[in-house]
1. Which residue, 184, 31, 74, has the most motion in a Gaussian network model of the chain that connects Cα atoms within less than 10 Å?
2. Please give the FRET efficiency for residue 13 paired with residue 37, using the beta carbon to beta carbon distance and R0 = 25 Å, rounded to the nearest 0.05.
3. Using a Gaussian network model on the chain with a 10 Å cutoff between Cα atoms, which of 123, 100, 161 fluctuates the most?
4. Report, in debye and to the nearest 20, how large the dipole of the range 14-115 comes out about its Cα centre when Lys and Arg carry +1 and Asp and Glu carry -1 on their Cβ.
5. Measure off 7 Å from each Cα along the Cα-to-Cβ vector at residue 196 and residue 143, then give the distance between these two points in nanometres to one decimal.
6. Work out the FRET efficiency for residue 57 and residue 185 from their Cβ-Cβ distance, taking R0 = 30 Å, and round it to the nearest 0.05.
7. Using a Gaussian network for the chain with springs between C-alpha atoms less than 10 Å apart, which of these wobbles most: 48, 89, 136?
8. At 7 Å along the Cα-to-beta-carbon direction for both residue 69 and residue 26, put a label point, then send me their distance in nm to one decimal.
Amino acid sequence: DGSATPPPLAIAEIEAARATLRRADQAREQAEQRRQASDAEYRRRLERAALALQASEATLRGVFDSASEAIVTANAVQFIVMANPAAARMFRCPAEQLVGRPLASLLPERHRRVHEERVRRFGHGDDSARRMRPEREVIALRADGEEFPAEVGISHVHIDGRELYTAIVRDITKRHRAQAALLASKTKLETALASINDA
């Protein structure tokens, strides 16, 4: 047909180029397979971490919700972001209505400014997690306006860049009543003894 046959050197170069292209294709396929395997492993690890986090959060939520003591968490500006059922019962206010209120609203008006400043000073420490000790006695305020004595311990933590205060509140009304009754009995006894002329 009159066509010229490529010289052997040109044929060898073409075959070498084809082999190089085949190797490049194989390398791309292997790299893609490794990427897909890596992505699949990453997704599996992410799913396992998500499940572990959900289990951990569920456990924490269970402890938080079932705690017998009132637990209230506030943000850096001292607004409530979380309250457990015990807090709702203690303050006679649904938990969802406690959320969004100032932390100081759980105290009578006359004590709020001092409490806010005390918590603010407490939060200015350098530690990432601290507790206010000893626990303090305060006068707390229920939603219906009743005041009651309470014992409060506050912790301060930084989590994912968020500053949080968590207060554990105990209603010590019964303790105060028992102490008052004991004091009244003691006073009554001392008065009776003082009225006796003979030993």
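1. 31
2. Values: r = 36 Å, r/R0 = 1.44.
Given R0 = 25 Å and the Cβ-Cβ separation, E is 0.10.
3. 161
4. Working: 17 positive and 12 negative charges, 42 e Å.
That gives the range 14-115 a dipole magnitude of about 200 debye.
5. Once both label points are built, they end up 5.3 nm from each other.
6. Values: r = 50 Å, r/R0 = 1.65.
Result of the calculation: an efficiency of 0.05.
7. Among 48, 89, 136, the largest mean-square fluctuation in the Gaussian network model of the chain belongs to 48.
8. So the two model labels end up 6.9 nm from each other.
Throughout, read-outs are computed from the coordinates displayed, never taken from laboratory work. This is a predicted model, so every value here is computed, not measured. Don't worry about glycine lacking a Cβ; one is built from the backbone with ideal geometry, like all the others, and counts go over all protein chains shown.
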